[in-house]
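A quick write-up on the structure given underneath.
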Amino acid sequence: MLERIAPLLKAGDTLFKAPASLEELSRINSGLVYGYSQVGKVITVYPQNDGEAVQLAHRLNELTVGMAAPAIPFDRQFQPGSCVYYRYGAFKELDIQSYDGAIPAIRNQEGNLIPDCRESWDSGLTWLSDPFIASQKEPSKPEQTPSDSPLITTFRVFRALSQRGRGGVYQAVDFRFQPPQLCILKEGRRNGETGLDGLDGARRIQREAQALSDLQNCGIEVPEVYAVFEVEGHSYLAMEHIPGESLHSLLLKRKKRFPVPQALRYLIQIAEIVARLHAVGWAWRDCKPGNLILTRTGQFRPIDFESACPANCAEPLLWRTSGFTPPESDAGAGGGISDDLYALGACIYLLLTGRIPAINNRIPATVWRRNLPSELLSITSELLAPEPQLRPSATVVAEQLKAILSSCQS
């Protein structure tokens, strides 16, 4: 894309910016570093006036016909299927001071500062005419969800839990049941955060749906899949809402660390979950407190299997959770089962010390908490070993934790 359009922009002495690397492009399109409004952007052009903007839009559209790109959430698409999007905004950094701090601003036709809203194209811009629509023979209309879409007929979203470039996670109501009941709806965006493996957000949702179905057939208590469908090229996975609270949330609420026996009871459950996954030939590859829901019956259930894969498939991890991903993943190595074992060790370290272990700079747990059983320290050290082959199996870990708990209670 840069090769196609940079000569045009340079020849016209037009201001534009582009990411300096593919890594930076990934950061922009994740929506996590620079905000969700930046998703889908690769090259931003700054025309000097309406005429130049319209002329450039037409030419850029011609140069990028046939290219695939993610949609930009809050900007307007120049034409259906186009890679070109536009938004009216400030050239210079202007701010409105408020009780919440500085708010980005633009000047209206009277010269007064008004909020420069990045999350809505026409918010507060009712006085502005759209030169792009006027320049087209057949003005494009905003895409609308088909009336027969499951997003209208079956599932009603009422709360966003998370949003990023590859898709979102939402709480929704499933009207197939009487009375209607809660469910979780995961969205995979077409062309969203496409990795070097060619998989975008839509394909990853399809893979997760298949993984959940396979694991459920193996007797693993993963969330039940209700439906998988597509709307306008985006994939959606409707699945069971598990009432309860994540271990991550529980840890944030506590002012003190768990007593060792309670921590051991939790850790035994986590180790058994990992052991069952490995026994049926799967690697979770996202074992962490945020993906463990403690139900009302006191049992943990695992969620989020977007990165799951067969245990013998050593594909590299595309997304990493700091502290719960082994050091070898930084070199592009994927271990499957060994990834889970390292994450299990990180969970043990966290529940015992209240801290996440640092890769390649591991501080013994005894620095943070005294009088821990030596056997427990040994297990933790082995699981967090930089050499994957030194990590004991989850089954062995579960049995050792049970023995330690028994000795603590005797």
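The values are calculated or read from the model by the stated rules, or taken from the named source; none is laboratory data. This is a predicted model, so every value here is computed, not measured. Counting neighbours? That spans all protein chains shown, and the Cβs are built from the backbone with ideal geometry, glycine included.
Answer yes if at least one residue in the stretch 65-73 is surrounded by fewer than 17 Cβ atoms within 10 Å (Cβ to Cβ) and under 21 Å from Glu187 (Cβ atoms), and no otherwise.
Yes, there is a match, as at least one residue in the stretch 65-73 is surrounded by fewer than 17 Cβ atoms within 10 Å (Cβ to Cβ) and under 21 Å from Glu187 (Cβ atoms).
Where the second residue is in a loop (DSSP other than H, G, I, E, B) and at pLDDT below 90 and the first is under 12 Å from Val231 (Cβ atoms) and lies in the stretch 134-159, which pairs have Cβ atoms under 6 Å and are six or more apart or on separate chains?
Leu151/Thr145
Looking only at strands (runs of 3 or more DSSP E) that fall completely inside the stretch 218-322, which ones have 3 or more residues that are surrounded by fewer than 20 Cβ atoms within 10 Å (Cβ to Cβ) and within 21 Å of the chain's Cα centre (by Cα)? Write out each step before concluding.
Working: elements: 225-231, 234-240, 292-294, 300-302.
Once the strands (runs of 3 or more DSSP E) in the stretch 218-322 are filtered for at least 3 residues that are surrounded by fewer than 20 Cβ atoms within 10 Å (Cβ to Cβ) and within 21 Å of the chain's Cα centre (by Cα), what remains is 225-231.
Does Gly35 count as at positive phi and either at pLDDT below 90 or of a type in the set (Val, Ile, Thr) (or both)?
Criteria met by Gly35.
Quick one: count up the residues across the stretch 373-409 that are touching a helix residue (DSSP H, G or I) at 6+ places or on another chain (Cβ under 6 Å) and not in a helix (DSSP H, G or I).
Residues that pass the stated criteria total 5.
Being buried (at least 20 other Cβ atoms within 10 Å of the Cβ) and out of contact with any Pro (no Cβ under 7 Å at 6 or more places or on another chain) is the filter here, so list the residues in the stretch 384-410 that pass it.
Arg391, Ala394, Val397, Ala398, Leu401
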